[in-house]
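Asks: Here it is: the structure, laid out below.
FYI, it's all coordinate maths here, none of it is from the lab. Computed from a predicted model, the values in this text were never measured in an experiment. Don't worry about glycine lacking a Cβ; one is built from the backbone with ideal geometry, like all the others, and counts go over all protein chains shown.
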Amino acid sequence: MLQYLYKRSLHAVLATFVASILVFVLLHLVPGDPIRVMASPVAKQEDIERLRRKWGLDQPILVQYARWITRVVQGDFGESVRMRVPVADVLWPRYVNTFRLTILSMCIAIVAGVTIGVIASIKRGSAFDTVSMIVAVSGFSVPPFWLGLILILIFAVHLGWLPAIANLRPGLDATAVARMLVLPVAVLTFTVLAHMVRMTRTTVINILTTPAIEMAILKGVGRWRLLIVHALPNALAPIANVVALNLAFLISGIVVIETLFNFAGLGRLMVEAVTTRDIPVVQVCAMIFCSVYVGLNLLADVVAIVANPRLRYSK
């Protein structure tokens, strides 16, 4: 098991390193000059060249990448081209907002998705099972931005119950923050809820049809004891994989939702930085998303190994 975890950790580090190369190279291939964005509209050519030397953009791309990745590993994310402040100072409040939105959405989705999936597996073929599968198919089919627009149109424009913009800022009370988070949390929760419901239902049904479970039924084990003690522990590994992958999807796909609701998070910050060619900010945001995605996949593998003895002892 330790050897497998070592290999998976090594693969995760390698994947992150390759992602850093792709992010750095692709951003430098995007049209536009960040130095001209930084400089005054009336700046002379010699001033622009001086700024380019100051930021190291006159060096070969390999030298620029080596200097950048070395600073990132040491915790130095550089300075924002547009705001002229350290990137870490810009990232931290946005990171807190994105973390809050993601964790809240994921907690609701995990509790609701696993509960609905388990009940649907027990009541297979019932009206509840049919409705839950319809919801699951709808979740796969409906684009998040379209669902967000529909919810804004209904609850913000027509009914006026909730704000259309989740513009979190210091000084807001808990009630105002909660009202602003309702719509984006609802969209993100519905986006990942469908996959969790379907995967949980399928996994529990497969486990309930195994010979071990059938033997427990013949011995008279109660339904809920059978489900909680025998079925769910065996379903933990695939469900954990689904949770980790959907959390990774939330982290990477949250850009659309934050932009739609004008939410001050990492996703919207990256979009703004791309628009203004603020390369240091874009690079760090992209690396955060890549690292979280790779890390969550690694965590899913670890949970699967811990939960399944057959993976811990391959012989």
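Asks: Please compute the modelled spin-label separation between VAL85 and LEU14, points set 7 Å along Cα→Cβ, answer in nm with one decimal.
Replies: My value for the distance between the label points is 4.1 nm.
Asks: Would you list SER20, SER291, SER105, SER9 from fewest to most Cβ contacts within 10 Å?
Replies: Working: SER20 20, SER291 16, SER105 26, SER9 13.
Taking fewest neighbouring Cβ atoms as first place, the list is SER9, SER291, SER20, SER105.
Asks: Give the order of CYS285, CYS107 when sorted by the count of other beta carbons within 10 angstrom, beginning with the fewest. Write down the numbers at each step before the final one.
Replies: Details: CYS285 29, CYS107 12.
Neighbour counts put them in this order, fewest first: CYS107, CYS285.
Asks: Moving on to the next point. Please pull out the direction-averaged projected area of segment 80-148, using the convex hull of its alpha-carbon atoms, in nm² to one decimal place.
Replies: On the way: hull surface 26.6 nm².
Computing the convex hull of the Cα atoms and averaging its projections yields 6.7 nm².
Asks: At a 10 Å Cβ-Cβ cut-off, how would you order ASP129, ASP301, ASP278, fewest neighbours first?
Replies: Details: ASP129 17, ASP301 21, ASP278 24.
Ordered from fewest to most neighbouring Cβ atoms within 10 Å, ASP129, ASP301, ASP278 come out as ASP129, ASP301, ASP278.
Asks: How long is the gain from ILE165 to VAL182 if the chain were fully straight, where each residue apart is worth 0.36 nm and the alpha carbon distance is subtracted?
Replies: Working: separation 17, 0.36 × 17 = 6.12 nm, distance 1.07 nm.
Length gained, ILE165 through VAL182: 5.1 nm.
Asks: Okay, moving on. Suppose R0 equals 30 Å. What FRET efficiency, 1/(1 + (r/R0)^6) with r the Cβ-Cβ distance, do ALA66 and ILE103 give to the nearest 0.05?
Replies: Details: r = 35 Å, r/R0 = 1.18.
Efficiency, rounded to the nearest 0.05: 0.25.
Asks: Which residues in segment 175-212 have a backbone N closer than 18 Å to a point placed 7 Å from the Cα of PHE128 along the Cα-to-Cβ line?
Replies: 194, 196-206, 208
Asks: Right, here's the next one. State to the nearest 20 debye the size of the charge dipole of segment 87-312 about its Cα centre, where the only charges are +1 on K and R beta carbons and -1 on D and E beta carbons. The partial results should precede the final answer.
Replies: Details: 15 positive and 8 negative charges, 136 e Å.
With only Lys, Arg, Asp and Glu charged at Cβ, the dipole is about 660 debye.
Asks: Taking H placed 1.01 Å from N in the peptide plane, check which residues at least 5 places from GLU79 or on another chain put their amide H under 5 Å from its amide H.
Replies: Amide H neighbours of GLU79: VAL87.
Asks: If you don't mind, there's one more thing I want to ask. Quick check on the chain: helices-only [θ] at 222 nm, where DSSP H runs of length 4 and up contribute -39,500 (n - 2.57) each and the sum goes over total residues. Nearest 500, please.
Replies: Working: 13 runs with 230 residues, N = 315.
For the chain, the value works out to -24500 deg cm²/dmol.
Asks: Using Cα atoms only, what is the angle between the long axis of helix 232-260 and the major principal axis of the chain, expressed in degrees (0 to 90) to the nearest 10?
Replies: 30 degrees
Asks: Using the basic label-point model (7 angstrom from Cα toward the beta carbon), what is the VAL271 to LEU2 distance in nanometres?
Replies: Each label point is offset 7 Å from its Cα along the Cβ direction, giving 4.8 nm.
Asks: Can you tell me, using C-alpha contacts under 8 Å and at least 6 residues apart, the relative contact order of segment 87-312 as a whole percent?
Replies: 27 percent
Asks: In degrees from 0 to 90, rounded to the nearest 10, what is the angle of the helix 61-73 Cα long axis to the longest principal axis of the chain?
Replies: Value to nearest ten degrees: 60.
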